[in-house]
Every structure is written in C-alpha cells, then in structure tokens.
C-alpha cells in the first residue's frame, strides 16, 4: 500500500514538474508582448507579475527535483518585504492588511522568503477569507504571524497539511481544492533559513501561521520591546 501511494505521489510530482516546465514558453511570449504596452506604469506592473509567476514556476520545479537552491543572502528589511506583499495584494482588491511595525533587519534570501510569505498569505485569503500579518521581535527570534478568520483546521491534520499534495477533506478546502504544494514549499524555504513554521487554531477562531526566524548575532537587528 505504501509503495502504491509513493508511486502515485511520484507520478503526480513528475506531472507537476512537466506542467511547470511547459509554462515557461507562454510566460516568455507574454513577457515579449507586455514590452509593447505603451503605459510605462502598467507595463512595469505586468512585468513584475510575470516575474513573480516565473519565480513560482522555478520554485515548483526546484521542489519537484528535490530541493531549493541556496541563494546568496543579504541584510533585508523584513518589515518592508512583508509590506510590499500585503500592499500588492490589497491593491488587487484582496482582504489583506498588515499591523504597523518598525524596520526589522535580517540576513536572508529575500526572493525565496517573499515566495514563502506570499504562499502563506495567499493561503489565508483563499481558505480563511482574509489575512492579517504582523511582525515582531523576541529575544531569540523574529516572528511573523499570518492570521485568518476561516474555519481553521482539525487538530489532527495540522501537521499533515505540510505534506506535498496533501488535501484537506474539510470545508476549508472543499470549495477551493488545491494540490497542497504551497505550504510544503513555504516550509522548505523557511527551514532553509534555519527557521520554523507552525500552524495553530486561534481561540477566537481562524488559523494562525507562525514563522520564527533565528535572530542574527551581529547586533544589526533592532531589539524588541
């Protein structure tokens, strides 16, 4: 039975890799057509969206091939990084907000971390109806929380949802479906940064995704209150 399940997962992963690979050609053609858009502001927005799609395809291919690339890391303002994601999604009409926070500097790969955060925020909106993001520092870690107002996840399934292609049978996923790669990719990226990602049901309702990244020892990050 286990061998059969493993074979099914391997087949679906290979299929996903093939589909992701095939997306590269239309994305390239779309990028060429967008270059002819007259409005420079709209053109840049479109090119930025295409770049994000291209990055998602690359991440899926990396995940299907067994891991993510180790990219160079640099000091990054995580508050600004999170704000750029929430602002873009809110501008697109999605119910996404971020609590006010001061700059938090952390050495990371901003491109892959942005991908992980986008996956988690998108997951909150898609399955939980909204996303409220907050960032704060403790003595040992930088914590980013993403809260939604949805039905949550049954306690016995909280760890299983990180498994590739895992699909909830509860009402949280029945309407939207999905193949369960977003959380798996996010977990892989955050672990590559030495951090941890956990999910928990909030007492007041909804789900919380908590990212905890170890603080740098160089003193470049701000001290928490």
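What the Cβ-Cβ distance of residue 200 and residue 43 gives, at R0 = 35 Å and to the nearest 0.05, is a FRET efficiency of 0.25. Legend: calculated FRET efficiency, residue 23 to residue 130, from the Cβ-Cβ distance at R0 = 35 Å, rounded to 0.05, equals 0.75.
So if I take the alpha carbon set of region 82-152, get Rg, then get Rh from the Kirkwood formula, what is the Rg over Rh ratio?
0.96
For region 74-214, a/c is not less than 1.5, where a ≥ b ≥ c are the root eigenvalues of the C-alpha gyration tensor, and a/b tops b/c. That puts it in the prolate class.
Coordinate-derived values only; no laboratory data. Keep in mind that what you see is a predicted model, and the values were worked out from it rather than measured. Quick reminder, even Gly has a Cβ in these numbers, built from the backbone with ideal geometry, and neighbours come from all protein chains shown.
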